[in-house]
Structures are given as C-alpha cells and as structure tokens.
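Only the coordinates and a few stated rules stand behind these numbers; no lab work does. From a predicted model like this one, the values you see are computed outputs, not experimental measurements. Here the Cβ positions follow ideal geometry from the backbone for every residue, glycine too, while neighbour counts run over all protein chains shown.
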Protein chains: 2
Amino acid sequence: MPDRPPPLAGLTVIDLGQVYQGPYAGLLMAKAGANVIKVEPPHGEPLRVREALGGGASLPLAMLNSNKRAITLNLKSPRGVELLKALIAKADVLLENFAPGVMDKLGVGAEVLMAANPRLIYASATGYGLTGPERDNLAMDITIQAASGAISVTGFEDGPPVKAGPAIADFLSGTHLYGAIVTALYERERTGRGRLVEVAMIEAMFPTLASNLGMIHNNPDRPLGRTGNRHGGLAVSPYNVYACKDGWFAIICTNEEHWRSLARAMGRPELPDDPRFSTNAERVKHMAETDAIVEAWAANLTRAEIFAAAGAHRVPAAPVRDLYEVLDNEHMKGRGMIEVIDHPSLGRISVPGSPLRYHGTPQTPATPSPSIGADNVEVYGELLGLAPEKVEALKIEGAI
Amino acid sequence: MPDRPPPLAGLTVIDLGQVYQGPYAGLLMAKAGANVIKVEPPHGEPLRVREALGGGASLPLAMLNSNKRAITLNLKSPRGVELLKALIAKADVLLENFAPGVMDKLGVGAEVLMAANPRLIYASATGYGLTGPERDNLAMDITIQAASGAISVTGFEDGPPVKAGPAIADFLSGTHLYGAIVTALYERERTGRGRLVEVAMIEAMFPTLASNLGMIHNNPDRPLGRTGNRHGGLAVSPYNVYACKDGWFAIICTNEEHWRSLARAMGRPELPDDPRFSTNAERVKHMAETDAIVEAWAANLTRAEIFAAAGAHRVPAAPVRDLYEVLDNEHMKGRGMIEVIDHPSLGRISVPGSPLRYHGTPQTPATPSPSIGADNVEVYGELLGLAPEKVEALKIEGAI
C-alpha cells in the first residue's frame with residue numbers, strides 16, 4: 001500500500017512558543033505534517049538568549065525546533081500587531097505560552113484573534129492557568145515541580161527533596177497542549193468553529209501523583225511522601241533501584257509470577273514459600289528484608305548479568321542508563337526517535353523524532369532548527385504576499 | 001452564549017488500559033465528552049488486584065477511572081473474542097497498553113480489528129514500542145525511568161541516582177497516547193479512515209532530557225548529569241531549591257531583570273554590579289557563590305516570607321509544597337482540577353479533573369470510578385442489544 005500523508009498535513013500553525021512547553025507542542029505538530037511557523041521577537045525567544053552562553057546551552061533550542069520555519073515579529077509595534085492579525089487570517093492554530101494576560105495587553109488576545117478568525121484554535125499554556133487566585137504566579141519548570149508537590153515526593157525520606165532531572169512540568173504540559181489543540185481541530189471539522197483551549201503546568205502535574213497520593217490517603221502518620229527509589233505509594237515490593245557491580249539496576253515485581261520468576265533468577269526458588277515473602281501484601285510489610293535479599297544478589301553482578309538473568313525469567317527490569325548510553329541507544333536510533341543530523345551551527349547532534357507514530361506514514365525526517373528569522377522572506381511572502389523588499393523594510397522599521 | 005457540547009461528544013472508546021498509562025488517555029477522553037467503556041478481564045485489571053491491599057493502594061484506580069463505565073470481558077475465551085469484535089463494530093477508538101504482541105496472540109490485534117472496522121483508531125501504548133530490538137523488554141514506570149536516562153540525571157552528583165517521585169513515564173506516555181488518538185480522529189474526519197497509532201514510554205521520555213543533554217553536548221568531562229536541584233544543563237543561575245526556616249523554596253532567574261529584582265528583594269541591590277554576578281554567564285561560572293548568597297538570605301525566612309518578597313519583585317519562585325498542601329490547594333480546587341467526591345467504596349476522596357480545558361464548555365464533573373463489571377448489563381445491552389439474562393449467561397459461561 002502506498003504511504004498515507006501525515007495526519008496534520010495542510011494545517012498552518014503560528015507557534016509563539018518559548019523554551020520547552022510551547023515549542024514541544026509545535027514540534028509534535030510539525031512532525032505530524034503541519035506547517036509550523038516559529039514566531040520570535042526580533043531579539044529571539046528566551047532560549048536564543050541562553051544559546052548565547054554557547055556550549056550545551058544551545059542544544060535544547062535545536063532539539064525542540066526541527067521541522068519548523070522561523071520568522072521574527074515585534075508585537076510591541078502596532079505594525080507587528082497588524083502583521084500577526086494578517087497571519088492569523090491564514091492560520092488554523094495559534095499557540096503561545098506567555099504569562100496570562102500578555103497577549104491581551106498586546107491587543108492580540110484570544111478574544112480579538114478569534115473574532116477575526118472564528119475557525120482559529122487559540123491555545124494557551126501557562127503555569128497556573130488563565131483564572132484563579134494563583135494565576136499570576138510566575139512559573140518555570142522548577143517552580144511548578146515545587147508547587148505541584150513533585151519535588152516533595154522525590155528523593156529519600158531522610159534527605160532533602162529533589163527536583164526530577166528531566167523538565168517534566170514543561171514537557172507534560174506541552175504534551176497536554178498538543179492534545180488540547182488536536183481535540184479542538186477534530187471538533188472544528190464537525191462544527192466549523194474554533195476554540196480557546198488552555199493547559200496549566202501545575203494541573204498537568206497533579207494526576208502523575210496518583211501513587212503518592214495513595215500513600216497518604218487515610219494514613220494518620222502523615223508521611224512525607226519521599227520514598228527514594230521505592231514505589232511512590234509503598235504498595236509494591238520488590239520495587240527499587242539496586243546498586244550492582246557497575247552501576248544501578250531497576251527491578252519491579254507487579255505480580256506473584258514476577259516474584260516467583262525473580263526468586264528463580266536469584267537462585268532462591270524457595271523464597272515465595274516463606275510467609276514473609278509469599279504475597280505482595282506480606283512483602284510490603286517486610287519491604288526492608290525483601291529489598292535486602294535482592295540487593296545482596298545484585299551487588300555481585302554487572303548490569304548486563306542482571307539484565308540477562310531477569311530477562312531469561314521474564315522479570316521487568318532495566319539498567320539505569322546514563323545519557324551517553326541513551327544517545328547511543330540502537331533501539332531508539334533504529335526507530336527514528338533519535339536522529340543524528342548535521343546542524344549548520346552546532347555540527348553533528350542528536351535530535352528527537354516524534355513519540356507519536358502513525359502507522360502507514362513514514363516518520364518525518366528532521367530538518368535542522370532554523371536560525372532566528374531565517375524564513376522571514378519566504379513566509380511573509382507565502383502567507384501575506386509581501387515582496388522581499390517589503391520584508392526588508394519591515395525589518396528596518398522594527399516591525400519584524 | 002449557551003454552553004457548547006464537549007469536543008469529543010458522540011465518540012465511543014473501548015478502553016482496555018491498565019494501571020496508569022492507558023487509563024489516563026481514557027480519562028482525558030471521558031472528560032472531553034467521549035463515551036468511555038473500561039474493559040477488564042473477569043478478575044480485574046492489575047490495579048484492582050493491588051486495590052485488594054486496601055488503604056492507599058485503592059486510590060489510584062479511583063483517580064484514573066472517573067467518568068467511565070466498566071465491563072468485564074475474557075479475551076482468553078473464543079466467545080470473549082467474538083464479543084470484542086462486536087463491540088469494535090460500534091466503537092471509534094480502541095486503546096490498550098498490553099505488551100507488544102499480546103492482542104495479536106489473542107486474535108484481536110490491530111490488523112484484525114481494523115479490517116473489520118476500517119474507521120477504527122487502534123491505539124497501542126507500550127514500554128519500548130511495537131518494533132525494534134528492545135520491543136520485548138518488560139516495562140513499568142520505574143524501569144522506563146531507568147532505561148530512558150531519567151533516573152541517572154535525578155539526585156545529587158555525590159549521591160545515588162533517584163527515581164522521580166511521580167509516575168512520569170506512565171503519564172507522559174499516556175498523554176502522548178491521547179494526542180495520537182485525537183490526531184487520528186481529526187484525520188479520520190477528513191479521510192474516513194482509521195489508523196494504528198503507537199506510543200512508546202521510552203520515546204516519550206527522551207525529549208524531556210533536553211537541558212541535561214545540553215550539558216553533556218561537547219563536554220569532554222563526561223559529567224554524570226545529576227545536578228541536584230540545579231538546572232539540568234547547569235546553564236542558569238540562580239536556579240535551585242533553597243532550605244528556609246520552615247521547609248524548602250524554589251527560585252529561578254531566567255533573565256537579568258529577574259536577577260536584579262531578586263537582588264533588590266534580598267536587600268542586596270548592588271550584587272548585579274559585581275562582575276562575578278553581572279550576567280547569567282558569569283553567575284553560571286560562580287554558581288556556588290551565587291547559590292550561597294541566596295541560601296543565606298532564605299535561611300532566615302519562612303516560605304511565606306520568601307514568597308511575599310519574591311512576588312513583590314516579580315521573581316519566579318514557589319514553595320516546595322507537600323501532598324497535604326497540594327490536596328488543600330484552593331486554586332486547583334476552585335478551577336475544578338481537584339474535585340472532592342464521595343466515592344461509594346472509598347468515602348471522601350480527591351480525584352483529578354482534566355488538565356485539558358475547552359473554553360465555552362463547562363468541565364465534566366467527576367462520576368466515581370465504577371466497580372468491576374458494574375455496567376455489564378447496561379453496556380452489553382446498549383451496544384450489542386443483549387438482554388440481561390444473556391449477559392448473566394455470558395458471565396456464568398466465563399466469557400465476561
């Protein structure tokens with residue numbers, strides 16, 4: 001069968017996203033075939049500024065902005081505002097992750113733009129949402145990790161709270177933003193009408209705490225919620241990261257079969273007959289002893305040896321990989337999730353594909369993230385019919 | 001203006017999801033107005049089994065399955081397979097997060113079901129994906145946090161690697177799954193055709209490491225990637241969680257204005273004139289000294305005092321909230337993101353709303369998660385026209 005076109009082919013997206021949250025939603029749209037135009041102020045979005053630090057600070061921008069074209073636009077100039085309105089008339093989606101009210105103050109809020117184009121999907125991503133008493137609290141990944149409770153439940157009980165290393169608040173909410181946009185696009189096919197859709201980082205975090213909230217439910221001891229590498233609800237055992245000869249290894253038994261298999265893998269097939277270890281409920285009660293047994297076994301083995309033993313017995317387990325191993329991962333490279341490209345300013349780098357796969361359509365290969373305003377002439381020409389000299393004049397005027 | 005119907009009204013979803021990943025996608029669909037039918041084997045999905053532990057182990061199931069109806073179905077019986085095929089003829093979406101190949105072995109894989117209903121969206125969520133050398137590695141949240149690199153970059157440089165407390169791999173991939181499904185629904189409106197869509201947990205994690213990958217990019221020292229509560233790429237300063245009188249507090253300065261504001265808030269307006277602290281690039285070079293200054297200031301203040309000072313000067317900052325504070329949060333409760341309901345088996349509990357907001361349509365209020373098979377008679381009657389006695393007979397026969 002011939003390949004099918006990508007599912008979002010034909011859609012035009014004005015991506016005002018900055019840093020991770022907004023741009024990730026735009027990346028997922030670009031990878032699904034949409035025509036995504038990254039719009040930045042003349043001095044660049046915040047990541048461009050960080051990019052000036054050089055070294056690794058420039059990689060994230062390249063990771064999040066493949067397959068987009070880039071234009072500049074000065075929304076603080078009246079002419080810039082006019083240009084945005086003109087672009088919106090040609091667009092299906094506008095996405096932005098400015099603080100609440102910023103776009104309204106510039107005169108290009110959801111109400112104004114959707115009145116001009118009732119088919120527009122206006123997508124807002126903020127830290128705390130467009131309403132409510134905390135609406136105007138400033139938000140970044142780390143502050144949302146703090147305010148959402150995520151930091152309080154990460155780390156060891158007797159140690160300080162710890163931020164999750166990955167930018168989970170940014171990416172979780174960016175992914176939700178994508179979902180909200182595409183839902184509204186689906187609906188528009190049926191109703192002909194656009195929508196204002198909204199995602200708040202702090203709200204995208206809340207459901208992820210299900211296990212942890214389980215632990216404190218009706219627990220009069222008011223536990224902290226920090227369980228190290230154990231289950232967030234202390235409801236499953238074994239469930240931990242164990243030190244081994246050459247690093248660390250995660251093992252989890254979610255049912256009795258896994259546990260019997262692990263016991264065999266450890267050469268201790270009699271363990272499930274011991275009343276202390278006979279059921280998950282008992283092992284949870286004897287969690288320290290259960291962990292000590294697995295730990296003692298793991299301590300003398302390498303990650304490869306543990307993986308081989310666990311795999312042979314069908315026990316869910318995985319090595320703790322470092323970033324170098326992740327970048328070298330043949331599985332993700334083979335599937336196109338990690339793509340090694342030659343980037344004009346960064347050289348050879350690894351960029352993400354899309355975790356969203358549509359069978360019947362090949363993955364969209366990465367084109368390198370554009371430099372600031374790289375596509376001004378092309379995009380303003382294509383969408384607004386402006387001649388190159390006109391685009392140049394707008395630049396000199398400070399409108400773009 | 002009158003309220004608009006929810007965007008996914010009219011769609012029927014067969015939700016074979018288990019634990020968090022699949023059920024979360026189903027929850028987002030239910031909250032957006034779809035008719036979501038949770039399908040479990042006669043003994044219940046794995047979380048039901050964990051539920052038998054009692055106490056907190058039962059809360060997560062209730063959090064993830066509001067607004068769904070529940071039926072049982074034994075896919076290991078030929079009659080059960082027939083029933084699924086009959087249900088699929090009436091459905092728009094099937095979602096499942098079994099291991100790769102499980103549905104195929106049961107005779108109800110994507111190919112079979114989509115041949116029977118070419119408009120079906122078949123959505124598969126797995127740990128490593130449906131193809132590739134690691135396809136058959138068993139996967140749970142903790143093993144994916146390990147294999148994706150997330151654990152290796154969480155924690156302090158001189159301490160062990162730490163799992164993020166929230167179930168980030170489950171929820172990130174569940175959110176991507178929702179996005180993939182809705183994208184295919186959008187496309188179906190235009191083409192009339194369904195799709196097999198696929199999300200792998202490990203791939204949904206990769207983009208979240210952008211900052212961390214930035215740090216190792218071209219860094220010959222091969223750093224571990226664990227930066228405690230500092231920026232994952234060590235590219236921003238101040239950026240940390242600081243101990244204070246009554247807990248911990250997150251502060252971040254993403255630009256020079258934030259830093260000048262923080263300096264004023266700390267009563268040290270002269271700091272930005274010091275060459276060591278004059279630019280983010282300089283502060284990154286003097287990160288320990290920069291952090292020490294903020295730390296000394298925070299140490300004598302409460303979270304409320306820091307928040308007031310930071311807020312007055314517009315510095316992004318937030319207290320590290322514990323789970324009790326999160327559940328009491330008036331902002332999320334007021335916005336309907338945390339809903340307090342009386343659950344028939346659990347009593348008064350807090351369940352999540354949807355982080356996806358569609359302006360013009362009120363949030364869908366939570367109906368409590370159903371007990372196992374609670375809606376057998378209703379759903380089999382409604383979708384397949386089976387009389388209650390027939391449903392009873394199927395139960396006795398072991399088909400449902």
- Query: To one decimal in nm, how far is A:GLU282 from the same spot in the other copies, if labels go 7 Å from Cα toward Cβ? Please give the shortest first.
  - Reply: 6.6
- About the Cα centre of region A:29-163, how large is the charge dipole given +1 on each Lys and Arg Cβ and -1 on each Asp and Glu Cβ? Please answer in debye to the nearest 20. 680
- In debye to the nearest 20, how big a dipole does the protein assembly as shown give about its Cα centre with +1 on each Lys and Arg Cβ and -1 on each Asp and Glu Cβ? 1140
- Message: Distances in nm, one decimal, shortest first, from A:GLY267 to the same residue in every other copy, taking the label point 7 angstrom along Cα→Cβ.
- Response: 6.5
- Sum of side-chain charges, A:ARG50 neighbourhood, beta-carbon under 15 Å (Lys, Arg +1; Asp, Glu -1): -4
- Using modelled amide H (1.01 Å from N, peptide plane; none on Pro or chain starts), what sits under 5 Å from the amide H of A:LEU386, excluding residues fewer than 5 places away? A:GLY381
- Among the lysines, select those whose C-alpha is under 24 Å from the C-alpha of B:LYS395, and discard any that sit fewer than 8 residues away in the same chain. B:LYS38, B:LYS68, B:LYS76, B:LYS85, B:LYS90, B:LYS105
- May I ask you to list the lysines whose Cα is less than 19 Å away from that of B:LYS163, ignoring any residue fewer than eight positions away on the same chain? A:LYS163
- Okay, helix-only estimate at 222 nm for the protein assembly as shown: each DSSP H run of n ≥ 4 adds -39500 (n - 2.57), divide by all residues, round to 500 deg cm²/dmol; what do you get? -11000 deg cm²/dmol
- Task: Could you point to the residue in A:PRO388, A:PRO133, A:ALA25 farthest towards the positive end of chain A's charge dipole, with +1 and -1 charges on the Cβ of Lys/Arg and Asp/Glu respectively?
- Result: A:PRO388
- Arranged by the count of other C-beta atoms within 10 angstrom, fewest first, what order do B:THR367, A:THR175, A:THR361, A:THR290 take? B:THR367, A:THR361, A:THR290, A:THR175
- Note on the structure: Treating only Lys and Arg (+1) and Asp and Glu (-1) as charged, each at its beta carbon, one finds that region B:239-320 has a dipole about its Cα centre, in Debye to the nearest 20, of 160
- Item | Nearest 10 degrees, 0 to 90: helix A:388-397 Cα axis against chain A principal axis | 80
- Using only Cα atoms, tell me the angle between helix B:287-299 and the longest principal axis of chain B; keep it within 0 to 90° and round to the nearest 10. 90
- Query: What's the longest piece of chain B with no exposed GluC sites (Glu not before Pro), counting a site as exposed if DSSP puts it in a loop and it has at most 16 other beta carbons within 10 Å?
  - Reply: B:1-156
- Inter-label distance, nm, simple model (7 Å from Cα along the C-beta direction), B:ASP221/B:ASP3: 5.6
- Using Cα atoms only, what is the angle between the long axis of helix A:168-191 and the major principal axis of chain A, expressed in degrees (0 to 90) to the nearest 10? 60
- Item | Selected from A:LEU213, A:ILE400, B:GLY311, residue furthest toward positive end of dipole (the protein assembly as shown; charges at beta carbon) | A:ILE400
- Projected area of region B:239-320, taken from the Cα convex hull and averaged over every viewing direction, in nm²? 4.4
- Per the charge dipole of region A:239-320 (beta-carbon charges, Lys/Arg positive, Asp/Glu negative, Cα centre), the residue among A:PRO269, A:VAL241, A:VAL294 reaching farthest to the positive end is A:VAL241
- Ignore the peptide's own chain and count Cβ atoms of other chains within 10 Å of each Cβ in B:238-249; give me the average, rounded. 2
- Net +/- balance of residues flanking B:ALA125 in space, Cβ distance below 9 Å, scoring K and R +1, D and E -1: -2
- Query: Modelled label-to-label distance, A:ALA387 and A:SER371, 7 Å Cα→beta-carbon offset: nm?
  - Reply: 2.6
- Query: Hey, fewest Cβ within 10 Å first, where do A:MET287, B:MET215, A:MET103 land in order?
  - Reply: A:MET287, A:MET103, B:MET215
- If you put a point 7 Å past Cα along the Cβ direction, how far is that point for B:GLY347 from the same point in each other copy, in nm, smallest first? 6.3
